[in-house]
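The next block holds one structure in the form of structure tokens; read it before the comments.
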Amino acid sequence: MLAVPVAGVLAALVIPFGAVTASRMSVGVVWFNAMEVLTWAGLWMAGWGPDAVLSLIGGYRFVAQGLAYQLPLMFALITAAAGAQSLNVAQIVSAQRHVWFVVWMPAAFAVFLAAVYAFSFLGPFAYPAGRDLAGGVLAELSGADRLVLLAGRWLLLTAGAGMAVPLFLGGGAGPVVPAWAWSALKTLAVLAVLVWGGARLPAVRADRYVELAWVVLIPLTIAQALAVALVVLARGGAPL
């Protein structure tokens, strides 16, 4: 269970707040994705550990959900990296000096936000912790163990909201207030939208989402990545 909150904290290491960031690694996008994948092992083990049917089914639901959201998420991350021609998160922010990536990568942005719901198993993708399984992966947990897992899913949601800012919303770009303040404000805005949507959108069954991912989201994100790559090749860099 500790793997889930630890993954949320480690994923946030590469998120810049203005000029302030815990790690400036050159492959920050890859690091973020790798930390998110840690939740697969953590959540499946949380479902398997109690040796109970309903929690185990919840763990397998998350694995099925992960197989559906991971490829669209990877293509969304690749799209932003291709636009900046870098896997460094700070350089992706710098590439948005004139145009935020959300303007010409809207499909990648929408898929990224959907994936944030999915890897934090909240909102429409709370199926692994569904009521029909008495809470699924949470069914046999109580006390500190339950609190750790619940904290982990909110840490993952917050890390995802924070990462959306440098990838698609220009990082700390904005007038008057310092860059770190703009990063914080944008993160809070994205987080508020995710929380609002999560409370209103219905849960999606894993099999339905798998079909949607393979039939719609993967082709859509591939087309988005291809369009961005063609623009970059034609202009010799991100559009001004």
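The values are calculated or read from the model by the stated rules, or taken from the named source; none is laboratory data. Keep in mind that what you see is a predicted model, and the values were worked out from it rather than measured. Cβ coordinates were reconstructed from backbone atoms using ideal geometry, including for glycine residues, and neighbour counts include every protein chain displayed. To get the accessible areas, we keep the full protein, side chains included, count just its heavy atoms, and leave off ligands, DNA and RNA. Shrake-Rupley method; radii C 1.70, N 1.55, O 1.52, S 1.80 Å.
Just a few scattered comments:
- Cα-based radius of gyration for the range 3-234, normalised by 2.2 N^0.38 Å, reads 1.00.
- Between Arg208 and Ala151, the simple spin-label model (points 7 angstrom out along Cα→Cβ) gives 3.4 nm.
- Average Cα contact separation per residue, the chain, under 8 Å, 6 or more apart, as relative contact order %: 30 percent
- Placing +1 on the Cβ of every Lys and Arg and -1 on the Cβ of every Asp and Glu, with nothing else charged, gives the range 3-234 a dipole about its Cα centre of roughly 440 debye.
- Using the 1.4 Å probe convention, the accessible area of the chain works out to 46 Å² per residue with neighbouring protein chains retained.
- The trypsin sites (Lys or Arg not before Pro) of the range 71-171 meeting both criteria, a DSSP state outside H, G, I, E and B (loop) and at most 12 other C-beta atoms within 10 angstrom of the site's C-beta, are Arg97.
- Candidates Ala12, Val37, Ala144 compared by Cα position along the dipole of the chain: farthest toward the positive end lies Ala12, with charges placed on Cβ.
- Of the residues Phe75, Val53, Ala181, the one whose Cα sits farthest towards the positive end of the charge dipole of the chain is Ala181 (charges of +1 on Lys and Arg Cβ, -1 on Asp and Glu Cβ, taken about the Cα centre).
- Value at 222 nm in deg cm²/dmol, rounded to 500, when DSSP H runs of n ≥ 4 in the chain each add -39,500 (n - 2.57): -22000 deg cm²/dmol
- Whole-angstrom gap from the range 180-195 to the range 68-106, using each part's C-alpha centre: 18 Å
- The three principal axes of the C-alpha atoms in the range 28-126 carry coordinate ranges of 53, 23, 16 Å, sorted with the longest axis first.
- Comparing Gly66, Leu191, Phe101 along the charge dipole axis of the range 3-234, the residue lying farthest to the positive side is Phe101, per the Cβ-charge model.
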